[in-house]
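Data first, discussion second: the structure below is written as structure tokens.
The values are calculated or read from the model by the stated rules, or taken from the named source; none is laboratory data. These numbers were taken from a predicted model, which means no experiment stands behind them. Quick reminder, even Gly has a Cβ in these numbers, built from the backbone with ideal geometry, and neighbours come from all protein chains shown. We work out accessible area using only protein heavy atoms, side chains counted, and drop any ligands, DNA or RNA first. Shrake-Rupley method; radii C 1.70, N 1.55, O 1.52, S 1.80 Å.
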Amino acid sequence: MEKWNPTSLEPEIITILVVTAIIFIACLIYYLKLKKIKVNEAPAGYVLVIQIYIQYIRALVVDIMGKRFEKLTPFFVFLMSYLLCCNLIGIVGFDYPTGSLTVTLSLGLIMFIGTFVIGFRFQKLSYLTRFCINYKSKKTGKHYPIMVNPLNLIEVVTPLISISFRLWGNIFAGGVIVSLWYFMFGYLTSFIPIIGVLSLLTGLVAPPIHGYFDIFVGCIQALVFTMLTMVYWSLAKDHGNYEVKDENLIDVKQLNVVRTK
């Protein structure tokens, strides 16, 4: 705490501000270019690329969550764009925001809170029955909660940890591996006259390393995080008409036997 300075900005915070500015400028350019296109004119160039990107995200939302969630497309477009920029911006020398566990946990909390919001939105208080041990009445056919199931509570927290640590671990590990490659080739070529000064070997090997760990892994992790968020929210919605798992059911006859004992 002695070294903590509340007035100083961490590198990740500066990068987040840069990423936000990049997304804002990209959206502003798209808006201005879109206004210039006439009604009977087909989009081209920058506008066409952005529209293909938006349509791709919209198709994912409809396929995974359903048609009624199509209005969430702008949110997932921003989420995907934010993750892509955060994962790719390290190529130009900035620190990866997603290489910080605080950032990924914050993004995971959005998914976590959204799961409960959608669950209560579609099921009201009956959403809480998924966290309980239930028995099914043969007369009414309904499920009635008896007690809280600790395993189900753990199951709720697990996606938050999984989705956050998956993103953070891949980006952080990729940055470490790239740094180690630079250090190793820099050290090996330092013994070679002239070539060691120029570090040509590092320059030749660095592009494919950045291509895999920064571009390929960064894009894949952004897509995985976005799709998992859609899946978790879709599951929370579908639990409104779900059938309670067998291990969470107690037969009415068994319950009566316990009562008589």
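Condition check ((1) under 17 Å from Lys237 (Cα atoms); (2) out of contact with any Asp or Glu (no Cβ under 9 Å at 6 or more places or on another chain); (3) at pLDDT 90 or above) across all residues:
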site	(1), (2), (3)
Gln55	no, yes, yes
Glu70	yes, yes, no
Leu79	no, yes, yes
Thr102	no, no, no
Val117	yes, yes, no
Arg121	yes, yes, no
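Look at (1) modelled with pLDDT under 85; (2) hydrophobic (A, V, I, L, M, F, W, C); (3) part of a helix (DSSP H, G or I) and you find that Ala44 fails only one, number (3).
Results for (1) part of a helix (DSSP H, G or I); (2) crowded, with 17+ Cβ neighbours inside 10 Å; (3) at pLDDT 85 or above; (4) within 19 Å of the chain's Cα centre (by Cα), shown as yes or no for each residue.
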residue: Glu155; (1), (2), (3), (4): yes, no, no, yes
residue: Phe172; (1), (2), (3), (4): yes, yes, yes, yes
residue: Met227; (1), (2), (3), (4): yes, no, yes, yes
residue: Glu243; (1), (2), (3), (4): no, no, no, no
residue: Glu247; (1), (2), (3), (4): yes, no, no, no
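Does Pro74 satisfy being under 30 Å from Leu17 (Cα atoms), modelled with pLDDT of 80 or more and open to solvent by less than 20 Å² (accessible area, probe 1.4 Å)? Write out each step before concluding.
Numbers: under 30 Å from Leu17 (Cα atoms): yes; modelled with pLDDT of 80 or more: yes; open to solvent by less than 20 Å² (accessible area, probe 1.4 Å): no.
It is false that Pro74 is under 30 Å from Leu17 (Cα atoms), modelled with pLDDT of 80 or more and open to solvent by less than 20 Å² (accessible area, probe 1.4 Å).
From the list Ile215, Ile177, Ile209, Ile192, pick out the single residue that is modelled with pLDDT of 80 or more and open to solvent by 70 Å² or more (accessible area, probe 1.4 Å).
On the way: Ile177 fails: open to solvent by 70 Å² or more (accessible area, probe 1.4 Å); Ile209 fails: open to solvent by 70 Å² or more (accessible area, probe 1.4 Å); Ile192 fails: modelled with pLDDT of 80 or more.
Going through Ile215, Ile177, Ile209, Ile192 in turn, the sole match is Ile215.
One residue is enough: does segment 57-76 have a residue meeting the conditions within 24 Å of Val224 (Cβ to Cβ), outside any helix (DSSP H, G or I) and charged (D, E, K, R)? No, every residue in segment 57-76 fails to be within 24 Å of Val224 (Cβ to Cβ), outside any helix (DSSP H, G or I) and charged (D, E, K, R).
Can you say whether Leu105 is surrounded by fewer than 21 Cβ atoms within 10 Å (Cβ to Cβ) and either closer than 13 Å to Ala222 by Cβ or touching a residue at least 24 places away in the same chain (Cβ under 8 Å) (or both), as far as the supplied structure shows? Considered against the rule, which asks whether it is surrounded by fewer than 21 Cβ atoms within 10 Å (Cβ to Cβ) and either closer than 13 Å to Ala222 by Cβ or touching a residue at least 24 places away in the same chain (Cβ under 8 Å) (or both), Leu105 comes out as yes.
When Thr20 is tested against the conditions (1) farther than 20 Å from Leu223 by Cα; (2) polar (S, T, N, Q); (3) at pLDDT 85 or above, the lone failure is (1).
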